[in-house]
Amino acid sequence: MFSSFRKVVKFGRGELKDRLGSAILKIEERRHQLHILKSRLEARMQNLIEALEKARELDDSVRITLFTDECSELKKVINAVSLCEVALTQIITRFESIRDISEAMKHMSSAADIIKHIYGKEEPTPALENIASEATRTLSETLADLSNLSCGFDFDLNSSVDGLTEDAERYALYLASEINEPIPSSIQQAKGRSLFKKMRSLTNLTDSQNAIYAANSSTLSGKVEEKVRRFFKERGEYNIIEASVVLNLPIDLVEEVALKMISEESSIKLAPEVA
């Protein structure tokens, strides 16, 4: 009895309940961070939408094109972050279910040992043996099913806490890049070793408060403006988010320089609008 369960989960690397509990906490922390990032990006999007509406009222074609392009890129970023958040939520639910089922099977195994001890050398009745075997088979199959995701991802339940957490992140990033559309280039170009850190870097650039440092020093502000101007001239087009990510500068600041250059009737063209 219960041999099938022991083939599915080994307890050699520590209690599964403890490892899953720790992994759930780490994954929940990442999911919460993504939720905060999404909220900040959505706030930026709302500001852009209001600016776009105002530009339309003024029939300002330059700002309309500029803000529309930025909205389109931000929408892709928000979508990618949202998909990652949903994926992590799904995995947390899976891990909680696996933890509960594994605990139930552990208790069943203990109960079986008690029954055998009561019977001594005699075997339990066939009916009791059949009930226990059927319950073990059902729980083992459920446990195995929960370890497999629809996209072909499998969780190794014998992995360490870090291993389980990394598997969860890989699945989240896969979901964000494959189910709808590739991860936006603006995220890929952002600073950070992992895609999660890149998302955070890009989100930080949308925070208007980050532009304050440039206003505190006219010398620094001048150097920053020259850097942005040089970037747009080299690219030959205005792409606000790309410039912000590549130069690691607040989007508000980059946008301000772009509008100033446009008002000077620069020959640089606007980035092609994304439908």
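The values are calculated or read from the model by the stated rules, or taken from the named source; none is laboratory data. Note that this is a predicted model, so its numbers are computed, not measured. Reconstructed Cβ throughout: ideal geometry from the backbone, glycine too, with neighbour counts over all protein chains shown.
Yes or no: the range 43-63 includes at least one residue that is out of contact with any His (no Cβ under 8 Å at 6 or more places or on another chain), assigned to a helix (DSSP H, G or I) and closer than 17 Å to Leu83 by Cα.
No, the range 43-63 contains no residue that is out of contact with any His (no Cβ under 8 Å at 6 or more places or on another chain), assigned to a helix (DSSP H, G or I) and closer than 17 Å to Leu83 by Cα.
For the range 185-204, which positions are in contact with a Leu (Cβ under 7 Å, 6 or more places away or on another chain), assigned to a helix (DSSP H, G or I) and within 11 Å of Val77 (Cβ to Cβ)?
Scanning the range 185-204 gives Ser186, Ile187, Met199, Thr203.
For residues that are under 31 Å from the mean Cα position of the chain (by Cα) and modelled with pLDDT under 80, scanning just the range 208-236, find the one that is surrounded by the fewest Cβ atoms within 10 Å (Cβ to Cβ).
Ranking the qualifying residues of the range 208-236, first place goes to Gln209.
Hey, among Leu253, Leu247, Leu195, which residue is buried (at least 18 other Cβ atoms within 10 Å of the Cβ), among the hydrophobic types (A, V, I, L, M, F, W, C) and at pLDDT 85 or above?
It is Leu253.
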